[in-house]
Amino acid sequence: MFTFGAILATIFLFIFGVFLIWGLIQLFRKKSIRKPFLLSGISLAVAVVGIVLVFVYPAPPVTQSTAEKAESKTIKEDDKVKEASDQKKKAASEDKAKKEKQAAELKKTQALEESKKLKGQQAKEAELKKKKEAAELAKKQEQEKIALEEQKKKAAELEEKKKQEAKKKAAAALVPPADTVYGQLPKKNLTKRSSELYSDEKNGITYIVGDNNNIFQVEVDFDMALGINIEMDKSFLVEHAMDYMADDANLIQTKSDREFVYESKKYKKKYDVLFVNDNDENIVTRVIVSKHM
């Protein structure tokens, strides 16, 4: 009855709580609360009955004989565990003593072997010391000889390095700037058409490269609709051509009203300049700057 009463009280207390919450919700919603509060009252009454059963019929106590049996069993088990533990400790102690004895014997044997090795090593070291001293003396003499030769060699290398640097500086001074004929391609986004052809599609510029990837020719395209006249806009065309030559380039020959030769004394280079008209005789659509042939 004790167990039944406990279960009954627990279940109906839970049900009481549910109906009570339901009733409160109905109250807030301003709806009928009669049914939920009625059911919660019934649940509470049944729960009270369960609580009464728990107090009227308490749990039966454990008999003295059962407790004594359990205690006796526990004591026996403890004795067995203790006995097993003592046996393990004894075996471990014997094993430890055996291992210590073996370790002592091994240590003694190793000490004797180490003593023999040490004596042999000392004799070898003495012999090696004599040889090493003789070798060091010979090495010192050789190093002095090598050091003298190295000094001579470094002096010669330093002199040669100075000559090479002077040559490089002279050669660098003769290299035309990038994005000009004879110079390197500019560092901008170019489209590679072939191994020798590159184009700047945004600005209508085509590059042709030759040996060592140096620019051989630059071609600038103009829209026909711009109507660039060879006579009226000559200064404009020359200005565009000069963009792809050395800054000191000067006109040295006029082959025609469309063909010219320029020269840079600074870089000792000559340039051919050509104004091209594809359709109309006076409307220029391309300016070509190339290495002088």
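Summary of values
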item	result
All positions within the range 160-196 that are closer than 15 Å to Val289 by Cα and free of Cβ contacts under 8 Å to residues at least 40 places away in the same chain	Ala178, Gly183, Gln184, Leu185
Boolean, Ala246 is of a type in the set (Gly, Ala, Ser), over 25 Å from Ser194 (Cα atoms), surrounded by 14 or more Cβ atoms within 10 Å (Cβ to Cβ) and out of contact with any Asp or Glu (no Cβ under 6 Å at 6 or more places or on another chain)	yes
Residue within the range 179-202 that is touching a helix residue (DSSP H, G or I) at 6+ places or on another chain (Cβ under 8 Å) and in a strand (DSSP E or B) present	yes
Single residue of Glu259, Glu201, Glu231 found to be among the acidic types (Asp, Glu) and either in contact with a Gly (Cβ under 8 Å, 6 or more places away or on another chain) or touching a residue at least 40 places away in the same chain (Cβ under 8 Å) (or both)	Glu231
Answer residue from the range 25-40, given it is assigned to a helix (DSSP H, G or I) and exposed (fewer than 14 other Cβ atoms within 10 Å of the Cβ) and is nearest to the chain's Cα centre (by Cα) among those	Ile25
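Bear in mind that the values in this text are calculations on the coordinates, not laboratory data. Worth saying up front: this structure is predicted, and the values here are computed from it rather than measured. Neighbour counts run over all protein chains shown; Cβ positions are idealised from the backbone, glycine included.
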